[in-house]
Structure formats: structure tokens, C-alpha cells
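Q: This is the structure I have questions about; it appears just below.
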Amino acid sequence: MSILEYPDTLRYGDWQKKKGSLDKNSEGGIGAALVKTLDAYGAIKLPQIEMGAPYFDSLAEWETARARARSAFDSQVPKLRTQLTQLVTLAQTVSKKKGLPAPAVKAIMAIESAAKNFGHQIDSLKELPHFAQARQKLMSVAKAKIQTLQPLNQKIKSGIDRCKRVPSRATYTSALAEPVSKHVEIVDQCRFVPPGLKTRWGNLNFIPSDEVALAHVKQLEMVFIEIEGVTDKYLG
């Protein structure tokens, strides 16, 4: 379902069915206003305002989609909002005309109410609340994953310090092999971590020889810091 479903009451065909015996000359421009309102709605490219997906993998993806929706909303929706305001005013004026058939008055008042409600619905979307909800869900899922990483983070940090002091295959095996392997496995499940960074992290998941132990640990530390930089964004 679209976030902005057009009300049937504001369709020209619905008005024609419900206005009764009221002729075109007596309807005060209601029919023409309904056509203009629907045209304004039809000009809106709703997929650009909607999220396009039930969830987002990362804040960067969310920010890109929201910026696109913000631009589309601001450039396309105000015309419809203005048209609805004009339709409400017109309906209020025409409904007060003397001699109108009761069915026509009832239909005009229904149009006024529907236009008001639709306008309020548009106003409620101005801050793109569906994107706020999606961000909240994204952050919640990310935080849950990050919480499972935190105990491993401490082990990796202390292990890196130890391996830098005594760089060897044996030190790495006892201090880093297990926490790094588990960390790599969890990070691979984190949709918010860039694929390239996952790959670089995974490629470091091996026990180095004595000759390259120090270089390996230094490289490990650099990529680990990058991963922390990503995860920190989801803890705010």
C-alpha cells in the first residue's frame, strides 16, 4: 500500500455519482477543481518518496534514500497541498449556496472533509516519518550485532598490544587467533559493514609465521580500527 493513497471521495467520477441533479453550471467549479487536484496527485512520483525497501543495510544507504525522498517531496507535493487547500475553500463556499439539492450539499461537504483529511495526512508526512522508523530499526539491529562484538573487541585490543610486544606465531595463536576468528564471523553477518572492509578483515584471519607476525598484527590493527569507526556510528 502507498503511503499516500488518493481518496475516492475526491475523484471526479465519485462526485458525478453523488451530486444528484446538480448541473455543471450550478456546481460552482467543484468538478474542475477535483480534476486539478487529481492531476496534482498524478504528477507525484510516489516511489521516489517511499523507501523502496522494507529496511536498509547501512546508514549511508538510508541517507541516500532519504535525501532522494526529501527532494522529491519538496518539489512535487506542495502543489497538491495547495490544490487541496483551494478545494476546501471552494467546497465551503459552494455548500453555502441557496437552492442546492440535498444530495449535492452532502457530497460537497464530504469532499471538504476528505480534502482536509488528505491535507493533514500530507502534513504528517512532511518530516518523512517512515524513514525515521526505518532508521530506528536499522540502528536497533546494528546495535544488537555490535553488542556481540564488544567482548571480542577488548580481547583483540589486548591481544594486539601483547603481540606487538612479543611478535610471534605462538603469541598470536594464544592471544588473537580465536577472538579474531569469531569477530570475523560476526562482522560478516553485519549488513552495515561495507563488503570491501569485510573482505579485508576476513583475509587477515590466519595465523602468521614468526617472520611476518609483527607486520601482520599492525595490518590487523589498522583494519580493526576501521571496523570500529564504522560500528561507532551505530552506537550514537
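Q: Do we find that GLY13 is in a helix (DSSP H, G or I) and farther than 19 Å from GLY119 by Cα in this structure?
A: In short, yes.
Q: State all residues of the range 1-10 that are within 17 Å of GLU112 (Cβ to Cβ) and surrounded by 11 or more Cβ atoms within 10 Å (Cβ to Cβ); if no residue qualifies, say none. Talk me through it step by step, then tell me what you get.
A: Pass one, the range 1-10, residues within 17 Å of GLU112 (Cβ to Cβ): 6-10.
TYR6, PRO7, THR9, LEU10, listed by residue number.
Q: Between a first residue in the range 5-26 that is in the same structural domain as PHE118 (by TED's automatic domain parsing) and a second residue that is surrounded by fewer than 16 Cβ atoms within 10 Å (Cβ to Cβ) and among the acidic types (Asp, Glu), which pairs have beta carbons less than 6 Å apart while being 6 or more apart in sequence or on different chains?
A: ASP14/ASP8
Q: Kindly indicate whether any position in the range 170-179 is assigned to a loop (DSSP other than H, G, I, E, B), surrounded by fewer than 16 Cβ atoms within 10 Å (Cβ to Cβ) and of a type outside the set (Asp, Glu).
A: Looking for residues that are assigned to a loop (DSSP other than H, G, I, E, B), surrounded by fewer than 16 Cβ atoms within 10 Å (Cβ to Cβ) and of a type outside the set (Asp, Glu), one finds none in the range 170-179, hence no.
Q: Report, by residue number, each residue of the range 27-72 that is within 30 Å of THR93 (Cα to Cα) and either part of a loop (DSSP other than H, G, I, E, B) or touching a residue at least 40 places away in the same chain (Cβ under 8 Å) (or both).
A: Answer for the range 27-72, where residues must be within 30 Å of THR93 (Cα to Cα) and either part of a loop (DSSP other than H, G, I, E, B) or touching a residue at least 40 places away in the same chain (Cβ under 8 Å) (or both): GLU27, GLY28, GLY29, ILE30, ALA33, LEU34, LYS36, THR37, ALA40, ALA43, ILE44.
Each row is one residue, and each column tells you yes or no for (1) farther than 23 Å from MET51 by Cβ; (2) in contact (Cβ under 8 Å) with a residue 60 or more places away in the chain; (3) of a type outside the set (Gly, Ala, Ser).
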position	(1), (2), (3)
LEU128	no, yes, yes
GLN154	yes, no, yes
TYR172	yes, no, yes
LEU197	yes, no, yes
ARG200	yes, no, yes
GLN219	yes, no, yes
GLY229	yes, no, no
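Q: Among the residues of the range 201-214, is any closer than 30 Å to ALA69 by Cβ and either assigned by TED's automatic domain parsing to the domain that holds ALA69 or within 30 Å of the chain's Cα centre (by Cα) (or both)?
A: The answer is no; no qualifying residue exists.
Q: Across the range 47-95, what is the number of residues that are under 17 Å from LEU128 (Cα atoms), surrounded by 14 or more Cβ atoms within 10 Å (Cβ to Cβ) and not basic (Lys, Arg)?
A: So the count comes out to 15.
Q: Output the number of residues of the range 135-154 satisfying the condition of being buried (at least 17 other Cβ atoms within 10 Å of the Cβ) and among the polar types (S, T, N, Q).
A: Going through the range 135-154 one residue at a time, the tally reaches 0.
Q: Could you check, for the range 163-173, whether at least one of its residues is under 39 Å from the mean Cα position of the chain (by Cα), of a type in the set (Gly, Ala, Ser) and not assigned by TED's automatic domain parsing to the domain that holds ALA60?
A: The answer is no, given that none of the residues of the range 163-173 is under 39 Å from the mean Cα position of the chain (by Cα), of a type in the set (Gly, Ala, Ser) and not assigned by TED's automatic domain parsing to the domain that holds ALA60.
Q: Out of the range 64-92, which residues are among the hydroxyl-bearing types (Ser, Thr, Tyr) and at pLDDT 95 or above? Quick ask: steps written out before the conclusion?
A: Within the range 64-92, the first condition is being among the hydroxyl-bearing types (Ser, Thr, Tyr), and the residues that meet it are 64, 71, 75, 82, 85, 89.
The answer is SER71, SER75, THR82, THR85, THR89.
The values are calculated or read from the model by the stated rules, or taken from the named source; none is laboratory data. Worth saying up front: this structure is predicted, and the values here are computed from it rather than measured. Counting neighbours? That spans all protein chains shown, and the Cβs are built from the backbone with ideal geometry, glycine included.
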